[in-house]
Amino acid sequence: MREPITYIIPVRICGAVSAGIGCAALAGWLLELPGLASLGRELIPMAPSTALLFVAYGVALLLACRATGGRRTTQFILFIFALGAIISGSLLFLSMRGVLLDIEHLGIEAIGAVAGSPVGHMSPIAAVTFLLFSMLFPALLTSGIKRPLLTKGVWWIAVIVGAAYSMLILAYLFGTPMFYGGAFIPPAANTTLAFMALAIALLALSQPLAWQETEPHGQEAPDSSPVLIVLFIFLVAGIISAGNFYHRNHQKEYLSGVERQLSAISDLKVGELLLWREERLADAGIFYHNADFASSVKAFLQQGKGGQARQRIESWIGNIQKNHNYNRIFLLDPQGKTVLSMPQISAEPLSDSLRQKAIKSLRTGQITFTDFYRNEFGGKIFLGILAPIFDQAREGAALGVLMIRIDPEEYLYPFIKRWPNSSTTAETLLVRREGNEAVFLNELRFGRNAALNLKLPLEETKNPVVMAALGKEGVVRGIDYRGRPVLAALRSIPDSPWHLVARMDEEEIYAPMQERLWITVVLISTMLLCAGTGFGFIWRQRSASYYKRSEQQTRRNKERLQYLLNIFQFESNDVKELLDYALNEALRMTSSTYGYIYYYDEATRQFVLNSWSRDVMQACSVVSPHSLYDLGKAGIWGEAIRQRRPIMVNDFDAPDPLKKGYPEGHVPLTRFLTIPHIDHGKIVAVVGVANKETAYDDADILQLTLLMGSVWKMAERKEKEREIEKKNAELERFTYTVSHDLKSPLVTIKTFLGYLEDDIKLPDNPRVKQDLGFMHNAADKMSQLLDELLELSRVGRTGNPPQSVAFIDMANESVRLNAGRISERGVSVEIIDSPVILFGDRSRLVEIWLNLVENAVKYGGDEPALHVEIGCAMEDDGPVFFVRDNGIGIDPRYHKNIFNLFDKLDSGSEGTGLGLALVKRIVEIYGGRIWVESEGVGHGSCFRFILPEAIQR
Ligand code: ADP
């Protein structure tokens, strides 16, 4: 890790948490303590394979945080993550194909299932997360400063994974864990916690690297707060929506539970009612088509009250009546008159309507179940079963009807009323439809005298009772007879006109939900409070550290100004001295031990070492001044050029793919900061400082950049001053020589004017002509001098538009222009052909050859066979032009001087001493160089020159 220690601590804590949770789960499996592996009886346990990977990843993170970790440790960490990737990848692949390996249990016995998922196997969600982390952690630990985009990406992935896992944790907290009972194995509660820890570690690791680029120069204002605010809003929104989601989910589940309960109760009741009806019908069936009973009835009707038959009948009926607790059993004759009733004690007589039905049953010949009816004598409600009795002997002649009367208060009403649990509002209602009305058949829990009295018009379709009477079945919501919202299960009872309604007030149903809602609200509020406190804490930390930083920055700005002042006041003779001093001040400013300044040339991609700190010279045996280094060979210190930005390494021992190592004898480095200096878009220099006692930070980058910027401007000014000084000196020399050289023809003219005055007095003096001749010559010489001076001053200022011209043309033209001298002196000129094409001001370029050829002829001396050679040699760096002669040659002592203004080796020679100076100026305009090769007087001379910027390639 290369970043401030504050980020290491959370990574360490998270690594320890991950390893701890993994160890606890493994211990839970081994010691058969299920609570350690699953955190709850109904929760799925963490698989041993998952636990092992958490231990491994946690250890890897702890190792990565060690300050002294070397290459070996890094390799080991990478190995752990690679192994994790292989394991989780293969388990994911296999589980996708439905294969679950027992090897995953690591030899521990793991059998059984939770929520339909087999225990002891890694969840595919966990496998995917492991796979993701196996790539992200190594990427982060090895990529370092080189890929800020990647680290930013990792940071965001960590945020997303963290958010996803916090949802899973919330789901566990709300008691509705996700993916339970789904298609695949859900991640265990402790697995989600451990992944959360790993996600936080990833976040902490990528945080300093990810945002380094956006705040590179210590100008870190509290502008990171928008990120913090957005994160906080996300978290709050996440917590609230998760709470809302789980509350609704729970409400839905709870409601469907209540619905199931209502349905079950109504189904149960319908079943029992059916059974009850069947039993009653079976009782009546005992007398129906019963030959024995029929003959007894026949005998009784014939014998009258006192006969034996009566006793038999009474014993039949009495048994049934007593055993089944019937209200009363009547025997009616075919006209519907009661001939016998049991028990005998006087009671309200049979209802008329029932009598009619009894007579009717004789016609149909079927057992009839008469519905609830109210007896007009006494007003009680009864049900009845009518069994017609026929004479078996006389072709079924009607003998009478046996009527069993049932009092619903005895069994039916209490049964209907009964509710299996202690509800305060639940009840069951029995209804039937009568024309356009729904009639209540039983008494109400919240009402009196409703049976057969309370009737609802069928238009009241919101009432579940009406819905039931209309034949609707299932669970419905509606408004009951009290006008309260209720939930009701509706059932029709087969083979009867009855409908059953099991209903419960919504208020009672929602009461526990209300309680639950409060718990949820308290939970969410606590979580929001925690989140708020956490963020508030981070915020405070950040602003505190920001103010601390800005205070530091102000202090450092002051210091920098002081250092700059020192540098300004420093009296240096040249740029190197200035830079040496500036470097020294830079070291003091950044509290560094070593430092250097390199010049860098973007064209050649080479460094030239300019300044280095004194300590480096003592400690480092590999530094040599003005050594050239190629960028390609430069290690991490070349990164400042490659990335065109400051590079900061605070833990030099940590593995980094950018480092190429340093040669033996190099000063040992611990921390290192290098900054490129960019001038007009070009990197012109690199400054580096190293081995500060504490970590370098953004403020160092800023201070060093600002210092270097000012120093560079001072250096440039110094350089310009030096140039101006040089030019001034040249100008001084020039004025001196010009005045001196112009003076000599003037002196000549003046002298001969004096002679002329004397000579003119004598008539016809031949000396007058001679004097005038000398004066003419001197004036001509002066005019030539002035012309050539003018020419020289024009070079580089005015010119013709550039054009392509062949070397050979130029050579020919120079010979042509010198043709007079050449033929006069009898010189042999040889032009060696070459295809080189030049591009530039034609007439200026011609002047080079013109002057050189002229000199070659002029300084031929006594050589009888004067030979001049004009050519061009192709060398590695390009063509080198030459003009060679076998004339008087030049003493090597004067090889440099001859190119100066007015410098002539023989003061009596005819030239002005300006020709070669002019040639040199033109050559330099084309980025070239001219020099002379001559072994000395009498050995001839060869003038060579290059014109790199005029060569057409
Ligand atoms: P000048 O006008 O005197 O020729 P130049 O600048 O052309 O001035 O040359 C400077 C001096 O260099 C000359 O005076 C001469 O002494 C020497 N020189 C130039 N060219 C040659 C040559 N080809 N051989 C010998 N000496 C030369």
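The values are calculated or read from the model by the stated rules, or taken from the named source; none is laboratory data. Please read all numbers here as calculations on a predicted model, not as lab measurements. Positions of Cβ are generated from backbone atoms using ideal geometry, with glycine treated the same way; all protein chains shown enter the neighbour counts. Each accessible area value is taken on the protein alone, full model and side chains, heavy atoms only, with ligands, DNA and RNA left out. Shrake-Rupley method; radii C 1.70, N 1.55, O 1.52, S 1.80 Å.
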> Karplus couplings for segment 51-62 from phi (6.51 cos²θ - 1.76 cosθ + 1.60, θ = phi - 60°), rounded to Hz, Gly and Pro as x?
Replying inline: 4, 4, 5, 5, 4, 4, 5, x, 4, 4, 5, 4
>> For Leu399, what residues show an amide H to amide H distance below 5 Å, using hydrogens built from the backbone and excluding near sequence neighbours?
In response: Ile389, Phe390, Asp391
>> Between Tyr736 and Ile683, how high is the FRET efficiency from 1/(1 + (r/R0)^6) when r is the Cβ-Cβ distance and R₀ = 56 Å? Nearest 0.05.
In response: 0.85
>> Starting from the 7 Å offset along Cα-to-Cβ, what nm value, one decimal, do you get for the label separation of Ile832 and Arg97?
In response: 7.8
> Pairs Lys360/Lys472; Lys576/Lys726; Lys576/Lys682; Lys720/Lys904: which exceed 23 Å Cα-Cα?
Replying inline: Lys360/Lys472; Lys720/Lys904
> For Val829, which sequence-distant residues (separation of 5 or more, or a different chain) have an amide H within less than 5 Å of its own amide H, given hydrogens modelled in the peptide plane?
Replying inline: Val868
> For Glu278 and Ala82, what does the FRET efficiency come to when R0 = 51 Å and r is the distance between their Cβ atoms, rounded to the nearest 0.05?
Replying inline: 0.10
>> Considering only protein heavy atoms and a probe of 1.4 Å, how much of the accessible area of the chain is carbon and sulfur, as a whole percent?
In response: 57
>> Highest mean first, how do 330-340, 412-422 rank when packing is the count of other Cβ atoms within 10 Å averaged over residues?
In response: 330-340, 412-422
>> Run the paramagnetic zone check for Asp407: 7 angstrom along Cα to Cβ, then residues of segment 433-449 with backbone nitrogen under 20 Å.
In response: 441-444, 449
> In nanometres, what is the gap between the two model label sites at Trp931 and Ile111, each 7 Å from Cα along Cα-to-Cβ?
Replying inline: 9.6
> For Glu571 and Ala603 in the same chain, what is the full-extension length gain: residue separation times 0.36 nm, less their Cα-Cα distance, in nm?
Replying inline: 8.3 nm
> With a ≥ b ≥ c the root eigenvalues of the C-alpha gyration tensor of the chain, is it rounded (a/c under 1.5), prolate (a/b larger than b/c) or oblate?
Replying inline: prolate
>> Could you derive backbone 3J(HN,Hα) for segment 546-559 from the dihedral phi with the Karplus parameters 6.51, -1.76 and 1.60 (θ = phi - 60°), listing whole Hz in sequence and x where the residue is Gly or Pro?
In response: 5, 5, 4, 5, 5, 5, 4, 4, 4, 4, 5, 4, 4, 4
>> With unit charges on the beta carbons (Lys and Arg positive, Asp and Glu negative) and the dipole taken about the Cα centre of segment 673-801, which residue among Thr748, His677, Leu707 sits farthest to the positive side?
In response: Thr748
> For the chain, what's the relative contact order in percent, using C-alpha pairs closer than 8 Å and at least 6 residues apart?
Replying inline: 7
> Among Pro646, Gly257, Ala194, whose Cα sits farthest toward the positive end of the charge dipole of the chain (+1 at Cβ of Lys/Arg, -1 at Cβ of Asp/Glu, about the Cα centre)?
Replying inline: Gly257
>> Just the number please: accessible area per residue for the chain, 1.4 Å probe, all protein chains included, in Å².
In response: 51
> Tell me, what HN-Hα J-couplings in whole Hz come from the Karplus equation 6.51 cos²θ - 1.76 cosθ + 1.60 at θ = phi - 60° for each residue of segment 691-700, using x for Gly and Pro?
Replying inline: 6, 5, 5, 9, 5, 5, 9, 4, 5, 4
> Using a Förster distance of 25 Å, how high is the FRET efficiency between Ser525 and Phe234, based on the Cβ-Cβ distance and rounded to 0.05?
Replying inline: 0.85
> Ranked highest first by the average count of other Cβ atoms within 10 Å around their residues, in what order do 522-528, 928-934 fall?
Replying inline: 928-934, 522-528
>> With unit charges on the beta carbons (Lys and Arg positive, Asp and Glu negative) and the dipole taken about the Cα centre of the chain, which residue among Tyr547, Phe899, Val431 sits farthest to the positive side?
In response: Val431
>> Cβ neighbours within 10 Å, averaged per peptide: list 192-202, 351-361 in order, most packed at the top.
In response: 192-202, 351-361
> Using alpha-carbon positions, what is the distance between the centroids of segment 238-263 and segment 358-400, in Å?
Replying inline: 53
>> What is the sum of charges, Lys and Arg at +1 and Asp and Glu at -1, for the other residues whose Cβ falls under 14 Å from the Cβ of Leu63?
In response: +4
> Residues with amide H under 5 Å of Val475's amide H, sequence separation 5 or more or different chain, H placed in the peptide plane at 1.01 Å from N; which?
Replying inline: Leu490
> Can you give the extra length, in nm with one decimal, that the chain gains between Gln308 and His776 once fully stretched, where that is 0.36 nm per residue apart less the Cα-Cα distance?
Replying inline: 149.2 nm
> Taking the Cα centre of the chain as the origin, how large is its charge dipole in debye, to the nearest 20, when only Lys and Arg (+1) and Asp and Glu (-1) carry charge on their Cβ atoms?
Replying inline: 5000
> Between Asp267 and Phe535, what is the spin-label point distance in nm, taking each point 7 Å from the Cα along the Cα→C-beta axis?
Replying inline: 4.9
> Hey, if we sort Arg767, Arg363, Arg794 by accessible area with the 1.4 Å probe, largest down, what's the order?
Replying inline: Arg363, Arg767, Arg794
> Relative to the present Cα-Cα distance, how much length would full extension add between His939 and Lys462 at 0.36 nm per residue of separation?
Replying inline: 158.6 nm
> What's the local net charge at Arg722, with K and R +1, D and E -1, over the other residues with C-beta under 14 Å away?
Replying inline: -2
